[in-house]
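Chemist: Before anything else, here's the structure in question.
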Amino acid sequence: MIKKIQIYNPKNRKLEEFNSIEENKINIYVCGPTVYDHIHLGNARPIIFFDFVKKFFEDLNYEVNLVSNITDIDDKIINRSIEEQITEKEISEKYTKEYLNSLDYLRCRRPDLIPKATDYVDSMINFIQELKTNNYVYETKQGLYFRINSVDYGVLSNQKVDRLISKKNQDFEKENEQDFSVWKKTELGLKFDSPWGEGRPGWHTECAVMNHKIFNGQLDIHGGGNDLKFPHHENEIALIKAFTGKKLSNYWIHNGRLDFNNVKMSKSKKNFVRVADLPKEKVDAFKFLILSHHYRSPINYSEKLLNEYDKILQNISKKIRFATLKISKKRDKFLKKFDKAPVLDMICKDFDTPNIVTRVYNIIKKIDIEENYFSVFHELIWIFHLFGIRINTEVPRKDISIYEEWVEAREKKDYETADRLRNKLMGKGYL
Ligand SMILES: [Zn+2]
């Protein structure tokens with residue numbers, strides 16, 4: 001099935017037609033977590049969303065290669081290791097494990113590759129050395145910096161360079177205040193030998209080099225949180241442009257942030273809910289909450305909101321289970337044929353999941369009187385499969401008999417028996 005897919009372009013703020021580099025193949029890179037603290041619900045948003053994106057492309061028969069990295073070299077890890085008096089490796093291994101457990105807990109498939117920055121340090125050093133030889137990078141006593149004026153900088157945020165100043169780095173030897181660090185010279189914490197002495201690569205260098213090594217210029221979509229657009233992604237783009245003369249990625253998908261009770265969920269502010277603390281029975285409701293919002297929109301998460309989505313999803317599940325009961329005897333006779341086009345069209349328009357959710361609500365509203373009962377039933381099951389949400393459609397034989405007896409009793413106008421059987425079905429959660 002050939003579908004015209006459109007993806008939002010942050011540069012011109014317009015939807016643009018998507019074309020993969022290789023036919024029916026797609027490479028996606030998503031910036032993964034810096035493993036110095038717990039994996040929270042804000043981190044879970046891209047995990048859930050990109051699992052959905054992968055399922056969608058697979059449904060269109062694309063071969064999807066989803067890569068999401070682990071940032072295991074970072075000042076935050078080093079600070080945490082000093083604080084807790086254990087090694088950086090122990091810190092990063094502990095939270096890498098929590099990240100992998102979180103993927104399982106959310107029932108999201110693991111990315112096809114999860115590269116770690118520490119496995120690419122040699123490549124990073126060679127990369128920086130070559131940029132230095134070509135005058136894109138210069139050295140000071142404190143480290144090595146990228147000359148942002150050497151490339152067309154700021155293309156993604158579509159802003160003038162002087163508005164994109166990161167004030168974090170205070171090195172008075174820098175040629176230009178806006179130049180960013182690609183290598184930090186240090187004797188403190190995790191460090192590696194390099195032609196410039198001991199030190200460690202900068203975060204932007206890490207992602208740029210992993211991207212380059214893994215995809216070699218064949219990256220279709222680069223993803224990550226909207227807050228990574230600047231400086232992280234701008235810097236990644238600049239590094240790759242300088243190194244290869246080409247653009248890093250053809251398309252960008254930035255997910256909106258997830259606030260917690262109106263404040264940004266963030267590890268550094270200690271304002272977060274761990275994925276592990278999400279009640280197991282509400283994981284599906286959380287995924288439903290995430291995908292009920294457009295990926296670019298912010299979400300203001302609260303327990304109240306989660307409970308609201310839980311209630312809605314339970315109601316939908318109940319309706320689907322009842323539908324299962326109704327069609328169970330005839331189920332095999334009906335081909336699982338239904339028209340995917342309306343939903344696929346919504347996804348093709350910049351992943352419009354809220355519109356799909358509206359469609360689900362509309363189907364559920366009239367499911368009892370639906371003439372194409374079987375096709376809408378299979379459509380719902382398929383939508384929830386794409387969303388990665390489990391809907392129980394197993395019904396015991398005994399319950400089917402109760403349902404049939406109920407139908408028979410109503411036909412015979414034996415209302416007493418019908419009421420009794422109805423109550424039985426209600427007790428079992430079908431009604
Ligand atoms: Zn990154």
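The values are calculated or read from the model by the stated rules, or taken from the named source; none is laboratory data. The shown structure was predicted, so the numbers you read here are calculated from the model rather than taken from an experiment. Backbone-built Cβ (ideal geometry, glycine too); neighbour counts: all protein chains shown. These area figures cover heavy atoms from the full protein model, side chains too; ligands, DNA and RNA do not enter into them. Shrake-Rupley method; radii C 1.70, N 1.55, O 1.52, S 1.80 Å.
Chemist: All but one of (1) touching a helix residue (DSSP H, G or I) at 6+ places or on another chain (Cβ under 8 Å); (2) not in a helix (DSSP H, G or I); (3) not aliphatic (A, V, I, L, M) hold for Lys269; which doesn't?
Modeler: Looking at each condition in turn, Lys269 falls short on (1).
Chemist: Considering (1) more than 16 Å from the ligand (Cβ to nearest atom); (2) open to solvent by less than 70 Å² (accessible area, probe 1.4 Å); (3) under 18 Å from the mean Cα position of the chain (by Cα), say which one Ser81 fails and leave the rest.
Modeler: Condition not satisfied by Ser81: (3).
Chemist: Further question: Restricting attention to the stretch 288-306, and to residues there that are free of Cβ contacts under 8 Å to residues at least 24 places away in the same chain and surrounded by fewer than 17 Cβ atoms within 10 Å (Cβ to Cβ), which single residue is farthest from Leu228 (Cα to Cα)?
Modeler: Initially, the stretch 288-306 is screened for residues free of Cβ contacts under 8 Å to residues at least 24 places away in the same chain, giving 289, 303-305.
The next check asks that each one be surrounded by fewer than 17 Cβ atoms within 10 Å (Cβ to Cβ); those that pass are 303-305.
Details: Glu303: 26, Lys304: 28, Leu305: 26 Å.
That would be Lys304.
Chemist: Would you pick out the residues in the stretch 219-232 that are within 12 Å of the ligand (Cβ to nearest atom) and open to solvent by 10 Å² or more (accessible area, probe 1.4 Å)?
Modeler: Passing the criteria: Gly225, Asp227, Leu228, Lys229, Pro231.
Chemist: What are the residue pairs meeting all of these: first residue in the stretch 355-383, first residue assigned to a loop (DSSP other than H, G, I, E, B), second residue open to solvent by 10 Å² or more (accessible area, probe 1.4 Å) and modelled with pLDDT under 85, Cβ atoms under 7 Å, and 6 or more apart or on different chains?
Modeler: Matching pairs, first to second residue: Glu370/Val376.
Chemist: When you check Ile73 against the structure, is it in a helix (DSSP H, G or I) and assigned by TED's automatic domain parsing to the domain that holds Pro201, yes or no?
Modeler: Values: in a helix (DSSP H, G or I): no; assigned by TED's automatic domain parsing to the domain that holds Pro201: yes.
Answer is no for this residue.
Chemist: Turning to a different aspect of this structure: Restricting attention to the stretch 252-262, which residues are among the polar types (S, T, N, Q) and buried (at least 20 other Cβ atoms within 10 Å of the Cβ)? Outline the logic, then answer.
Modeler: At the first step, the residues of the stretch 252-262 found to be among the polar types (S, T, N, Q) are 255, 261-262.
Within the stretch 252-262, just Asn255 meets the criteria.
Chemist: What tally of residues in the stretch 340-374 results from selecting those that are among the hydroxyl-bearing types (Ser, Thr, Tyr) and open to solvent by 40 Å² or more (accessible area, probe 1.4 Å)? Don't jump to the end; show me each part of the working.
Modeler: Within the stretch 340-374, the first condition is being among the hydroxyl-bearing types (Ser, Thr, Tyr), and the residues that meet it are 353, 358, 361, 373.
Still in the list and also open to solvent by 40 Å² or more (accessible area, probe 1.4 Å): 358, 361.
Qualifying residue count, the stretch 340-374: 2.
Chemist: Which ones in the stretch 65-76 are within 16 Å of the ligand (Cβ to nearest atom) and among the polar types (S, T, N, Q)?
Modeler: Of the residues in the stretch 65-76, the ones within 16 Å of the ligand (Cβ to nearest atom) are 66-76.
Within the stretch 65-76, Ser68, Asn69, Thr71 qualify.
Chemist: What are the residue pairs meeting all of these: first residue in the stretch 8-24, first residue in the same structural domain as Tyr62 (by TED's automatic domain parsing), second residue in a strand (DSSP E or B) and among the hydroxyl-bearing types (Ser, Thr, Tyr), Cβ atoms under 7 Å, and 6 or more apart or on different chains?
Modeler: From the stretch 8-24, the pairs are Leu15/Tyr8; Phe18/Tyr251.
Chemist: Given the conditions (1) open to solvent by 30 Å² or more (accessible area, probe 1.4 Å); (2) within 12 Å of the ligand (Cβ to nearest atom); (3) touching a Leu at 6+ places or on another chain (Cβ under 6 Å), and given that Ser249 satisfies all but one, which numbered condition is not satisfied?
Modeler: Failed condition: (1).
Chemist: Just to be sure, is Ser123 within 19 Å of Ser249 (Cβ to Cβ), within 16 Å of the ligand (Cβ to nearest atom) and either modelled with pLDDT of 95 or more or crowded, with 22+ Cβ neighbours inside 10 Å (or both)? Outline the logic, then answer.
Modeler: Details: within 19 Å of Ser249 (Cβ to Cβ): yes; within 16 Å of the ligand (Cβ to nearest atom): yes; either modelled with pLDDT of 95 or more or crowded, with 22+ Cβ neighbours inside 10 Å (or both): yes.
So Ser123 fits the description; yes.
Chemist: Looking at Ala285 and the list (1) assigned to a helix (DSSP H, G or I); (2) open to solvent by 10 Å² or more (accessible area, probe 1.4 Å); (3) more than 16 Å from the ligand (Cβ to nearest atom); (4) not polar (S, T, N, Q), which single condition is not satisfied?
Modeler: Tallying (1) assigned to a helix (DSSP H, G or I); (2) open to solvent by 10 Å² or more (accessible area, probe 1.4 Å); (3) more than 16 Å from the ligand (Cβ to nearest atom); (4) not polar (S, T, N, Q), Ala285 fails exactly one: (2).
Chemist: Moving to a separate point now. Tell me yes or no: at least one residue of the stretch 200-212 is on the phi < 0 side of the Ramachandran plot, among the β-branched types (Val, Ile, Thr) and more than 16 Å from the ligand (Cβ to nearest atom).
Modeler: So the first thing to find is which residues in the stretch 200-212 are on the phi < 0 side of the Ramachandran plot, and the list is 200-212.
So of that shortlist, the ones also among the β-branched types (Val, Ile, Thr) come out as 205, 209.
If we keep only those that are more than 16 Å from the ligand (Cβ to nearest atom) too, we end up with none.
So far as the stretch 200-212 goes, no, none of its residues is on the phi < 0 side of the Ramachandran plot, among the β-branched types (Val, Ile, Thr) and more than 16 Å from the ligand (Cβ to nearest atom).
Chemist: Please pick out the residue among Asn216, Asn235 that is at pLDDT 95 or above and either open to solvent by 20 Å² or more (accessible area, probe 1.4 Å) or within 11 Å of the ligand (Cβ to nearest atom) (or both).
Modeler: Numbers: Asn216 fails: at pLDDT 95 or above.
Asn235 is the lone residue from the list that is at pLDDT 95 or above and either open to solvent by 20 Å² or more (accessible area, probe 1.4 Å) or within 11 Å of the ligand (Cβ to nearest atom) (or both).
Chemist: Given the conditions (1) in contact with a helix residue (DSSP H, G or I) (Cβ under 6 Å, 6 or more places away or on another chain); (2) in contact (Cβ under 8 Å) with a residue 24 or more places away in the chain, which single one is not true for Gly143?
Modeler: (1) is the only condition that Gly143 fails.
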